[in-house]
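K.L.:
Have a look at the structure that comes next, please.
Since every read-out is calculated from the coordinates, none of them should be taken as a lab result. These figures come from a predicted structure and were not determined experimentally. Cβ sites come from the backbone with ideal geometry, for glycine too, and all protein chains shown count toward neighbours.
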Amino acid sequence: MFPRIRGKKAIESFIVVLFIMIAVSSILVKGSMDKDVSVEIGQRQAELLKVYTEAEKVREYANSAGRLALMDAALEIGAKSGANCLAVHGLDEKFNDKIISYFNQELSTSAHYNVTVPKITWAIRQISDDEVIVSGISADKILVAGENYEYRAGIYVNQAVTCDDLENFLKASGNFELIGG
Amino acid sequence: MFVEFAIAVVILTVLWLVVKVAMAVPGFGAAEIKTTGVFQQAEFSSVCDYWLMNFLRADSAYGMENSDLLAYASESATYKTYFENEAANYFKANYRRPLPLARWALSAETSAYIPVVKLGYKDHALAQTCAQKIPSAKGPITVTLGVDY
């Protein structure tokens, strides 16, 4: 029925046919083997950056709180803008009353991290009748605890408040009657 | 008989080698694995955090930091207007040109969930969001920034 092919010629034909079949199959198979793989990279680095940022937010909060508490305190005890605006009595006590209220709530905004804010010791230093420096320091550190990381960061506040700051605040708030007092 | 068997084994071995070589050649038989590196997960919005933090501590045209303006915005309509102007100007001026920030949306609310401001893009929630608390005399204000870039 089939032509009889023997010996060397048969082997050659066999090899050629097989080679062609295998080559064609491998090309066809290749398409199905191509893969698009999406790999997430940098998770650890991103998480480290995140815990650092969370601590940095607390530092920013403390800086702003010190500044705002001092301005509130100064205005509440009768400071006005203009020269020698900070030559007022009782600024220390009023500031200490004010600053406590800024730290009696949770400061973290992340559901992934627990942020513990240490107790800060505050002090104000009268540089002149026109300038006061608010400082805050803690023996403990800010603790940011995530699933895989804990990050501890020191906290140190040093904010200067001047009569110009007070004047800007009064201008922006529209309290012109206190300006130039 | 034995010779024919040996020849068959040799031929099959050669064929097997040919196939292996063919499958290993890139563009012919080897599988091409296209790997895409996706940096950071969605919740790690470090770029957003960076933008928000820098905006809040930037000096405004009114001689106060933006966070201080916002701290008083819940009590004063004047401060609220100042803050809204500052936010719009800041994001347009600082981020539209140097970085491809497509959209931004900023909102703030008190600890009692009372809205203070709501600015920027409003049609839908943006891809990355981040938040930061700022102090105010009436308790912390939570500022939330959304960005598409």
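K.L.:
Could you give the nm distance between label points at B:LEU17 and B:ALA93, where each point is 7 Å from its Cα heading toward the beta carbon?
P.N.:
Those two pseudo-labels are separated by 7.4 nm.
K.L.:
Between A:GLU106 and B:GLU32, with labels modelled 7 Å along Cα→Cβ, what's the label distance in nm to one decimal, could you check?
P.N.:
My value for the distance between the label points is 5.0 nm.
K.L.:
Dividing the alpha-carbon Rg of chain B by 2.2 N^0.38 Å yields what? Before the final figure, lay out the partial values.
P.N.:
On the way: Rg = 30.2 Å, N = 149, 2.2 N^0.38 = 14.7 Å.
Rounded to two decimals, the normalised Rg is 2.05.
K.L.:
How large is Rg over Rh for region A:43-168, taking Rg from the Cα atoms and Rh as the Kirkwood inverse mean of 1/r across Cα pairs?
P.N.:
Here the Rg-to-Rh quotient is 1.08.
K.L.:
Nearest 0.05, what FRET efficiency do A:ILE137 and B:ASN54 give at R0 = 25 Å with Cβ-Cβ as r?
P.N.:
Using R0 = 25 Å, I get an efficiency of 0.50.
K.L.:
Between A:GLN45 and A:GLN126, what is 0.36 nm times their sequence separation minus the Cα-Cα distance? Round to one decimal in nm.
P.N.:
24.9 nm
K.L.:
Would you list B:THR36, B:THR110 from fewest to most Cβ contacts within 10 Å? Show your work: numbers first, answer last.
P.N.:
Working: B:THR36 10, B:THR110 15.
By the 10 Å Cβ count, ascending, the order reads B:THR36, B:THR110.
K.L.:
So, one more: Residue by residue through region A:131-138, what is 3J(HN,Hα) from phi via Karplus (6.51 cos²θ - 1.76 cosθ + 1.60, θ = phi - 60°)? Round to whole Hz and write x for glycine and proline.
P.N.:
Coupling constants for region A:131-138: 8, 10, 10, 9, 10, x, 9, 9 Hz.
K.L.:
Sticking with this structure for a sec: Going by C-beta contacts inside 10 Å, put A:LEU49, A:LEU170 in order with the fewest on the left.
P.N.:
Starting with the residue having the fewest Cβ neighbours, the order is A:LEU49, A:LEU170.
K.L.:
Now for a separate question. What is the extension gain from A:LYS9 to A:ASN158, computed as 0.36 nm multiplied by their sequence separation minus the C-alpha to C-alpha distance, in nm to one decimal?
P.N.:
Computed gain between A:LYS9 and A:ASN158 is 44.2 nm.
K.L.:
Tell me, how many Å apart are the Cα centres for region B:120-149 and for region B:47-65?
P.N.:
Region B:120-149 and region B:47-65 have Cα centres separated by 13 Å.
K.L.:
Here's another thing I want to ask about it. Give me D for the protein assembly as shown in µm² s⁻¹, whole number, from Stokes-Einstein with Rh from the Kirkwood sum over alpha-carbon pairs, 25 °C and 0.890 mPa s.
P.N.:
99 µm²/s
K.L.:
Mean-square fluctuation check for chain B, GNM, Cα pairs under 10 Å: which of B:ILE33, B:ILE114, B:ILE134 is largest?
P.N.:
Comparing B:ILE33, B:ILE114, B:ILE134 in the GNM, the peak value goes to B:ILE33.
K.L.:
With label points built 7 Å along Cα→Cβ from the Cα atoms of B:VAL25 and A:ARG59, find their separation and express it in nm.
P.N.:
Result for the modelled spin labels: 5.9 nm.
K.L.:
Let me ask something else. How much mean residue ellipticity at 222 nm does chain B get from its helices, if each DSSP H run of length 4 or more adds -39500 (n - 2.57) and you divide by all residues, to the nearest 500 deg cm²/dmol?
P.N.:
Taking each H run of at least 4 residues, the total per residue is -13500 deg cm²/dmol.
K.L.:
A:VAL16 to B:LYS118: FRET efficiency via 1/(1 + (r/R0)^6), r the Cβ-Cβ distance, R0 51 Å, to the nearest 0.05?
P.N.:
My answer for the efficiency is 0.10.
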